Amino acid sequence: MERSAVQMDKKFAVDRASGTLVERVMHEIRQRIAGRTLAPGAKLPSIRSFAATIAVSKSTIVEAYDRLAAEGVIQSRRGSGFYVAGHLPPLSLAEIGPALDRAIDPLWVSRMSLDASEDMAKPGCGWLPPSWMPEQGIRRALRALSRGDDASLTDYASPLGLKPLRQLLSRRMAEHGIEAAPDQIMLTESGTQAIDLLCRFLIEPGDAVIVDDPCYFNFHALLKAHRARVIGIPYTPAGPDLERFAEALDEHHPRLYITNSALHNPTGAVLSPVIAHRLLKLAEQHDLTIIEDDIFADFEHEPAPRLAAFDGLDQVVHIGSFSKSLSASIRCGFVAAQRDWIEGLVDLRIATSFGGGRLSAELVLFMLKDGTYRKHMDALRTRLARSMSETSAKLRSLGLIPWIEPHGGMFLWCKLPDGVDAAKIAQHGLGEGIIFAPGNVFSQSQSANSYMRFNVAQCADPRIFRALETALAAN
């Protein structure tokens with residue numbers, strides 16, 4: 001066995017183009033395991049012989065083997081050497097290409113976008129490209145925090161979350177007319193976690209919940225997980241159709257309504273003050289709680305009306321997040337609610353996720369205070385406005401008409417030419433390495449199959465418009 005390992009090590013040719021010597025050795029071994037030159041259970045060359053063959057020190061090989069063993073890629077057997085770990089599943093060619101036959105449901109765009117390889121275009125996803133994020137500012141903040149308090153790097157956050165950040169969020173919300181004291185604010189890992197906790201706190205399986213039609217597709221998935229009865233109400237450029245809304249209140253007696261007041265997802269619409277006041281009157285009459293998802297607040301050029309500002313956090317719960325504006329890797333959101341609800345929400349948060357992410361909260365606070373975030377958002381709004389104009393013009397040239405011209409944000413909700421099926425466009429795009437967002441993933445009534453949502457920040461790749469043109473011609 002040792003002889004075969006020695007023969008094998010002569011075939012290694014470590015790529016010296018990039019990375020440290022240890023990283024190059026590790027990369028070479030991973031590549032050979034992936035290509036099955038080294039099969040599960042195969043013995044690796046001895047440390048001495050491998051070091052001699054590729055002309056590196058024995059300590060380099062020792063460190064590379066130790067790291068791979070820590071990752072579970074290889075295993076050490078006392079007195080015998082190192083072996084490739086585990087048993088690989090049978091190779092499936094079907095898994096190499098995109099899953100063209102997956103059902104287009106509320107999680108379709110998320111699954112596809114999160115699983116996408118780097119070479120795929122994602123005009124249907126709901127976040128900014130990594131290159132649009134303040135990478136240097138994040139690195140600077142991380143360096144500063146690494147030199148700070150040890151507890152920030154290692155300890156749990158307090159139940160409500162980092163107090164200085166909650167104090168700053170209170171002041172920021174006041175700029176939108178929302179009066180929320182720091183003790184009315186609880187930090188969360190994301191806007192999604194905030195909604196999940198509120199659903200756990202406020203509804204039981206079988207309760208009715210109103211959403212906009214169309215609305216953010218993950219609302220559908222989350223409410224399904226809570227076994228709620230989802231009632232979709234048509235959304236207009238000024239807000240929900242109030243006549244239909246009132247009918248739903250009388251018929252279904254819903255417990256919650258989840259919506260975006262500003263830069264509505266997927267339409268980009270803004271709630272009008274008239275609709276907001278009438279909506280709040282209906283909510284008060286029917287004891288309806290409104291969850292106002294405001295994660296796109298900082299994308300606005302001019303602040304829109306906020307339900308929480310008109311209501312004073314009586315019937316409205318206000319939530320936000322920095323995942324879309326700062327970093328999806330830095331998980332930090334918040335919920336602002338009535339004081340007598342906060343303790344129950346904190347208990348639920350401890351029960352479901354225990355402590356919060358202190359490091360993320362510290363990092364967000366640092367970037368808000370040092371001016372990085374403000375400068376980033378100023379530049380981002382300008383960049384998005386330019387991309388909005390360019391993408392809208394390209395889509396119009398292909399016959400796709402924006403439902404409205406949004407006043408900010410990243411989304412365009414577009415009507416396809418008559419007779420064109422958005423689901424078929426999405427399936428065609430997937431085959432071309434492009435992830436589109438067909439309208440029905442946003443629609444409870446499944447009445448939006450002639451619409452698609454486009455993220456203008458993700459539309460720089462010319463392949464997107466070539467694929468659209470080809471797919472439209474085939475319909």
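Amide H neighbours of I231 under 5 Å, counting only residues 5+ apart in sequence or on other chains, H built in-plane at 1.01 Å?
V209, I210, V211
Per residue, how much accessible surface does the stretch 240-350 expose to a 1.4 Å probe? Answer in Å², no decimals.
37
Keeping all protein chains in place, calculate the accessible area per residue for the stretch 405-445 (probe 1.4 angstrom), answer in Å².
Working: 1310 Å² over 41 residues.
Using a 1.4 Å probe on heavy atoms only, each residue of the stretch 405-445 averages 32 Å².
With +1 assigned to the C-beta of every Lys and Arg and -1 to the C-beta of every Asp and Glu, and no other charges, what is the dipole magnitude of the stretch 407-466 about the Cα centre in debye, to the nearest 20?
Numbers: 5 positive and 4 negative charges, 11 e Å.
Roughly 60 debye for the stretch 407-466.
Which order, highest average first, do 69-80, 255-266, 301-312 follow once you tally other Cβ atoms within 10 Å for each residue and take the mean per peptide?
Order by mean packing, descending: 255-266, 301-312, 69-80.
To the nearest 20 Debye, how big is the dipole of the stretch 271-420 about its Cα centre, given +1 on the beta carbon of each Lys and Arg and -1 on that of each Asp and Glu? Mind showing how you got there, number by number?
Details: 17 positive and 19 negative charges, 139 e Å.
About 660 debye.
For R466 and D155, compute 0.36 nm times the residue count separating them, minus their Cα-Cα distance, and round to one decimal in nm.
Full extension from R466 to D155 adds 106.9 nm.
Hey, can you rank 55-63, 292-300, 399-407 by average C-beta count inside 10 Å, highest first?
Highest-to-lowest ranking by the protection proxy: 292-300, 399-407, 55-63.
Using a 1.4 Å probe over the heavy atoms of the protein chains, calculate the carbon and sulfur portion of the accessible area of the stretch 418-470 as a whole percent.
Taking all protein chains in place, the stretch 418-470 shows 45 percent carbon and sulfur surface.
Report the residues of the stretch 311-342 in range of a label on I350: point 7 Å along Cα→C-beta, backbone N strictly under 14 Å from it.
Correct set: 342.
At A393 and M377, where each label point lies 7 Å from the Cα along Cα→Cβ, what is the point-to-point distance in nanometres?
2.9
Which GluC sites (Glu not before Pro) from the stretch 150-232 combine a DSSP loop assignment with at most 15 other Cβ atoms within 10 Å?
Of the GluC sites (Glu not before Pro), the ones in loops of the stretch 150-232 whose Cβ has at most 15 other Cβ atoms within 10 Å are E175, E179.
Can you grab the distance from the C-alpha centre of the stretch 403-475 to the C-alpha centre of the stretch 335-351, Å, no decimals?
One Cα centre to the other: 39 Å.
Report the full-extension gain for the segment Q446 to R172: residue separation times 0.36 nm, less the Cα-Cα distance, to one decimal in nm.
Additional length available on full extension: 94.9 nm.
By how many degrees, 0 to 90 and rounded to 10, does the Cα axis of helix 191-202 deviate from the longest principal axis of the chain?
60
Which distance in Å, rounded to a whole number, links the C-alpha centroids of the stretch 239-263 and the stretch 280-314?
13
Lysines within cross-link reach of K324: Cα-Cα under 21 Å, excluding same-chain residues under 8 positions apart?
The reachable lysines, counting only those whose Cα sits under 21 Å from K324, are K122, K369, K375.
Expressed as an acute angle from 0 to 90° and rounded to the nearest 10, what is the orientation of the C-alpha long axis of helix 339-353 relative to the principal long axis of the chain?
That helix lies at roughly 20 degrees to the long axis.
Mind ranking 467-474, 165-172 by how tightly packed they are, going by the mean number of other C-beta atoms within 10 angstrom, highest first?
Peptide ranking by packing, descending: 165-172, 467-474.
What part of the accessible area of the stretch 107-241, given as a whole %, is carbon or sulfur when the probe is 1.4 angstrom?
51
Under 5 Å between amide hydrogens, which residues at least 5 positions from I74 or on another chain qualify, with H placed 1.01 Å from N in the peptide plane?
Close amide H contacts, sequence-distant or interchain: A69, A85.
Considering Cα pairs under 8 angstrom that are at least six residues apart, work out the relative contact order of the stretch 172-300 and quote it in whole percent.
That works out to 23 percent.
Quick one: if you stick a label point 7 Å off each Cα along the C-beta vector at H253 and H277, how many nm between them?
Modelled inter-label distance: 3.1 nm.
Can you give me the relative contact order of the chain as a percent, contacts being Cα pairs under 8 Å and 6 or more apart?
18
Between I401 and Q136, what is 0.36 nm times their sequence separation minus the Cα-Cα distance? Round to one decimal in nm.
91.7 nm
The values are calculated or read from the model by the stated rules, or taken from the named source; none is laboratory data. Computed from a predicted model, the values in this text were never measured in an experiment. Heads up, the Cβs are rebuilt from the backbone with ideal geometry, glycines too, and the neighbour counts pull from every protein chain shown. Side chains are part of the model used for accessible areas, which takes the heavy atoms of the whole protein and leaves out ligands, DNA and RNA. Shrake-Rupley method; radii C 1.70, N 1.55, O 1.52, S 1.80 Å.
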